Every structure is written in C-alpha cells, then in structure tokens.
Amino acid sequence: FTDGHYASAILEAFKRVELRVRSQSGLAGSGQDLMARAFAGDPPPIDVRVEDGQGGQDQQEGVRFLFMGAVRGIRNPKAHEAVSQLDPQRTLEYLGLASILMRRLDDASSS
C-alpha cells in the first residue's frame, strides 16, 4: 500500500482472509465455495454466532454472505483480471473490510 501498489495490497489482504478461513475451517478449496461451506452447517466449521436462536442464525448467514461476497466481488477481479486501482482511500476501505473479516475469525469458534 505505501508503495502505491493498491490492487496488489487488496489482493494480498483478501488472499490472507481466504487462507485463514481454509486453515480455521479445516476445509479444502477456495473462493466463494469455500466461504459458503466454512460458514454453513449445524454446527458450521466456523461459527460466528454470539446470540442464540433466530438472531444467531441470521448473524451466521449474514457473515457467510459477507465472506462469500468479499472473495467473489473484491478478491476475484483482482486475482483474475488486470485491475487498475488508483484511489488510496478506496484501497484503505477495502483493507478495512479485510480487517473486519479477520476480526470476525478471531472471535469465531471452530468445530
């Protein structure tokens, strides 16, 4: 980031999120499919619920969709295309999202 390699910084951050999910869940695979499986099931391989009942189920599913969307909509374009990312503020926002996802993994329980 500090050298102005914004697209690379974003890609590397989300690659780390994906590696962490793979390690923490014990699942193989990558991308959206990995995220879908890592946060689904009863119990899920990675459980992010902090509430019981429907609130906890909604929380688990919502976080699952956040992870799925992040790898599909942020990581994939930068991994598979020549993406030009010139805005440092937008880059910091993407890095902030990666940080939030990592924090959710810090707080999660794994089965």
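In the chain, carbon and sulfur make up what percent of the accessible area (probe 1.4 Å)?
In the chain, the share of accessible area belonging to carbon and sulfur is 49 percent.
Take every Cα pair under 8 Å in the chain that's 6+ residues apart, average their separations, divide by the length, and report that relative contact order as a whole percent.
Relative CO of the chain lands at 40 percent.
Just to confirm, what accessible area per residue do you get for the chain at 1.4 Å probe, in whole Å²?
Each residue of the chain exposes 57 Å² on average to a 1.4 Å probe.
Taking a point 7 angstrom from the Cα of Arg72 along the C-beta vector, which residues in region 7-41 have backbone N less than 15 Å away?
From region 7-41, the list is 30-40.
Please calculate the 1.4 Å probe accessible area of Val50, with all protein chains present, and give it to the nearest 10 Å².
Result for Val50: roughly 110 Å² accessible.
Principal axes first, then extents: for the Cα atoms of the chain, list largest minus smallest coordinate on each axis, whole Å, largest first.
44, 26, 18
How much length is gained if the chain between Gln59 and Thr2 is pulled fully straight, taking 0.36 nm per residue apart and subtracting their Cα-Cα distance, in nm to one decimal?
17.1 nm
Modelled label-to-label distance, Ala28 and Arg16, 7 Å Cα→beta-carbon offset: nm?
The answer from the label model is 2.7 nm.
How much accessible area does Arg72 have with a 1.4 Å probe, in Å² rounded to the nearest 10?
Rounded to the nearest 10, that gives 150 Å².
Considering only protein heavy atoms, with the full assembly of protein chains and a 1.4 angstrom probe, order Asp33, Asp42, Asp107 by accessible area, largest first.
Asp42, Asp107, Asp33
The values are calculated or read from the model by the stated rules, or taken from the named source; none is laboratory data. Just so it is clear, the model here is predicted, and its values are computed rather than measured. Because the Cβ atoms are built from the backbone with ideal geometry, glycine has one as well, and the counts that use them run over all protein chains shown. Note: areas computed on protein heavy atoms with side chains; ligands, DNA, RNA excluded. Shrake-Rupley method; radii C 1.70, N 1.55, O 1.52, S 1.80 Å.
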